[in-house]
Every structure is written in structure tokens, then in C-alpha cells.
Amino acid sequence: MDEKKIILMSKLAIEEKTYLKNDEKITSYYPEDYVYMNNFKTRCLVVLLVGIGCIGHIFMRIRLGLTFPTTVQEVFSDYIIPYGGTVILVAWIYTILSTCVYKKRYTQANKRISNYRKTLRELEEYEVDKSKGGNGVCN
């Protein structure tokens with residue numbers, strides 16, 4: 001084996017070990033599907049966590065002696081509107097952030113897969129050229 005072949009094979013092995021499995025999983029989806037699927041998970045988790053925080057805050061307010069509302073209008077004005085608005089606002093902000101993050105992850109994974117395939121083609125061309133009796137120099 002010569003030095004060029006060892007270098008190409010080492011590059012491929014490093015990529016396979018570090019990124020390839022996860023990148024193939026990511027790029028097996030269309031970009032929009034990957035972003036949507038992960039945004040959905042993010043939204044669900046954020047709504048759950050903020051909802052738990054809001055419920056905890058409501059119980060804390062009740063424990064501190066604030067009266068529990070007696071009418072539906074009081075429930076809406078004291079709890080549903082302020083806490084619902086908070087949940088919606090936080091979910092909206094996290095949706096925007098996660099869209100940016102997951103688009104970037106998809107782009108990076110796609111780029112690494114492309115580089116891996118390019119290196120693989122370069123190795124194949126090198127081996128074909130070498131087997132034909134060439135000097136092993138690839139363009």
C-alpha cells in the first residue's frame with residue numbers, strides 16, 4: 001500500500017467512526033421533514049415544561065394565600081390568558097430557534113456526506129488508475 005491510499009482510507013475511517021451513522025440518519029429525511037419533526041418534538045417539550053412551571057406558580061400563589069377564582073371569567077383573566085400567553089410566546093421563540101438549529105444541522109450533515117462520497121470516489125479512481133498501471137496520481 002502506498003501513502004496516498006492510506007491517507008484516503010484513514011479519512012474515510014475517521015468519517016465513518018465520528019459522523020457517518022448519524023449523518024445518514026439525518027439526511028435520510030427531506031430537509032423540511034427533518035426540521036418539522038424536530039420542531040414538533042421541541043414544541044411538545046417546551047409546552048410541557050412551561051406548563052409545569054405555570055402550574056407550579058399557580059399552586060405557589062394559592063399557597064401564599066391568594067384566593068382561588070370563583071367564576072369562569074376570573075379563571076380566564078387570572079390564569080388562562082397570562083399563562084397561556086406565556087406558553088404560546090415561549091413555544092414560538094423556541095420554534096424559531098430550533099428551526100435555525102435543525103436547518104444548520106441538516107446542512108452540515110449533508111455537506112459531510114458529500115465530502116465522504118467525494119473521498120470515496122477519489123479512492124476508487126485511485127485504485128482503478130493504479131490497477132491499470134498508472135502512476136496513481138488522481139486529478
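Students often get this wrong, so check it: of K5/K25; K17/K111; K11/K111; K25/K111; K5/K103, which have C-alpha atoms separated by over 23 Å?
The answer is K5/K25; K5/K103.
To the nearest 20 Debye, how big is the dipole of the chain about its Cα centre, given +1 on the beta carbon of each Lys and Arg and -1 on that of each Asp and Glu?
That gives a dipole near 180 debye.
Helices from the chain with mean Kyte-Doolittle at least 0.5 and a Cα length along the axis of 15 Å or more, per DSSP H: which? Could the numbers behind the result be given before it?
Details: long enough: 3-15 (18 Å, 0.41); 31-63 (48 Å, 0.60); 81-131 (74 Å, -0.43).
Counting only whole DSSP H runs, the qualifying helices are 31-63.
Note the full-extension length gain between R121 and W92 as 0.36 nm times their separation in residues minus their Cα-Cα distance, in nm to one decimal.
Values: separation 29, 0.36 × 29 = 10.44 nm, distance 4.35 nm.
Extra length available between R121 and W92 comes to 6.1 nm.
Calculate the dipole size of region 1-52 relative to its Cα centre from +1 charges on Lys and Arg beta carbons and -1 charges on Asp and Glu beta carbons; express the result in debye to the nearest 20.
Numbers: 8 positive and 8 negative charges, 36 e Å.
Magnitude of the dipole: close to 180 debye.
Please give the residues of region 7-25, grouped as numeric ranges, whose backbone N is less than 18 Å from a label point set 7 Å along the Cα-to-Cβ vector of K130.
7-14
Sorted by packing (mean other beta-carbon atoms within 10 Å per residue), highest first, where do 11-23, 65-77 land?
On the way: 11-23: 13.8, 65-77: 10.3.
Answer by packing, highest mean first, reads 11-23, 65-77.
Values quoted throughout were computed directly from the atomic coordinates according to the rules given, and no laboratory measurement underlies them. Because the structure is a prediction, the values reported are computed rather than measured. Reconstructed Cβ throughout: ideal geometry from the backbone, glycine too, with neighbour counts over all protein chains shown.
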